[in-house]
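Comments concern the structure below.
The values are calculated or read from the model by the stated rules, or taken from the named source; none is laboratory data. Everything numeric in this text was worked out from a predicted model, so none of it was measured. Here the Cβ is made from the backbone with ideal geometry for all residues, glycine too, and neighbour counts use every protein chain on show. Only protein heavy atoms, including side chains, enter the accessible area calculation; ligands, DNA and RNA are left aside. Shrake-Rupley method; radii C 1.70, N 1.55, O 1.52, S 1.80 Å.
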Amino acid sequence: MDEISLKAYAKVNLTLDIVGRRSDGYHLLNSIMQSVSLADVVTLSKRPKGIVIHSDHPQLPLDETNTCWRAFTAFTGFTKLEGGVEVYITKSIPMAAGLGGASADAAAVLHGLNKLYGTKLSTAELQELGLSVGADVPFCLQGGTCLVQGIGEVVSAAAAFPRVSLVLVKPEAAVFTAQVYSRLKPSAHGTTYTAQVQELIAEGREVQDIAGALGNALETVTAELVPETALWKERLLAHGAHGALMSGSGPTVVGLFTDQGRARDFQSCYQDQAQIFVVELADVGVEEMDGGDR
């Protein structure tokens, strides 16, 4: 095998609680993360050595600041691989949006290198390498519905979330994770959204009940930077969403719909005011593509 193409799926945080802070400054979280059908396509081709990155997105960095470059460096450092790779990234996931696009791309590179070069690393080994690249990479390598804890390194499969359509609203503003965490106040610690939602799912409750319990402890911080996040939540709920919250550090807002028609109507109404996607839940984080899928 000399080339492989993969779908790198976006993630949303259906809950996000901050439960503490390590001595090194990293915040500890409890979060239910969910893969969704919005995906970048990452194609890897063998080359003699080193890494070269190309993309159809003009703002994506193509140097060592790109997570794919860092993933390659981590992988080759661990495996002592001498071969190289050429990477082409077709972007669909918005950047700096709280949807894990950079982490998903890095996960695809780790998965793809493992396949291209037959290094046979386990998922756990890839996840350990991924954590050195970004906190969401371990989840993106596993995907589906997961409970994510610590700084992102503890990933365990969780009970499947009820099937819904999600509307993702990405305002024009971009927000960077470090920027949000640096403004986080101790009063944001201690929420229990994750435990509440897990309990409701275990009880077999209706989507409406579960959606009303979703929450993100980072919302108040990002709302100060991007005030329209609150407006988009109001619009989604007024249009029939059973619940709405911000994903990750934002500013993307997620609305949960059981009626895909209403989700599509919302997209039609507001598509000239923001990037709006209607997506479904995905069961994996990275998926190999057949030749006909490209």
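In units of the compact-protein estimate 2.2 N^0.38 Å, the chain shows a Cα radius of gyration of 0.97. Packing-based ranking of 13-21, 207-215, 121-129 yields 13-21, 207-215, 121-129, ordered from highest to lowest mean Cβ neighbour count within 10 Å. Over the stretch 214-270, the fraction of Cα-Cα pairs per 5 Å bin, rounded to whole percents and listed from the shortest bin up, is 4, 21, 31, 22, 14, 7, 1.
Of the two radii for the stretch 168-294, the radius of gyration is 1.00 times the Kirkwood radius, both from the alpha carbons; that is the Rg over Rh value. Take the alpha-carbon centre of the stretch 58-115, take the same for the stretch 126-150, and report the distance between them in whole Å. When both Cα centres are located, 14 Å separates them. Shape class of the stretch 105-157 from the Cα gyration tensor (axes a ≥ b ≥ c, square roots of the eigenvalues): prolate, since a/c reaches 1.5 or more and a/b is larger than b/c. Histogrammed with a bin width of 5 Å, the alpha carbon distances of the stretch 1-133 distribute as 2, 10, 19, 22, 19, 13, 9, 4, 1, 0 percent, first bin at zero. The alpha carbon centroids of the stretch 220-259 and the stretch 1-57 are separated by 22 Å. The dipole here belongs to the chain: it is taken about the Cα centre, uses +1 on the Cβ of Lys and Arg and -1 on the Cβ of Asp and Glu, and is about 360 debye. Of the solvent-accessible surface of the chain, computed with a 1.4 Å probe and all protein chains present, 49% belongs to carbon and sulfur. Ellipticity at 222 nm from helices only: DSSP H runs of n ≥ 4 in the chain, each -39500 (n - 2.57), divided by the residue count, give -9000 deg cm²/dmol. Its Kirkwood hydrodynamic radius, worked out from the mean inverse distance over all distinct Cα pairs, puts the stretch 68-123 at 12.1 Å. Pair-distance distribution P(r) for the stretch 89-194, from all Cα-Cα distances in 10 Å bins starting at 0: 12, 36, 39, 11, 1 percent. The residues of the stretch 142-294 have, on average, 47 Å² of accessible surface per residue, using a 1.4 Å probe with all protein chains present.
When the chain is treated as a GNM with alpha-carbon contacts under 10 Å, the residue of Thr252, Thr76, Thr222 showing the greatest mean-square fluctuation is Thr76.
For the chain, lysine pairs separated by 8 or more sequence positions, or belonging to different chains, with Cα-Cα distances below 16 Å total 11.
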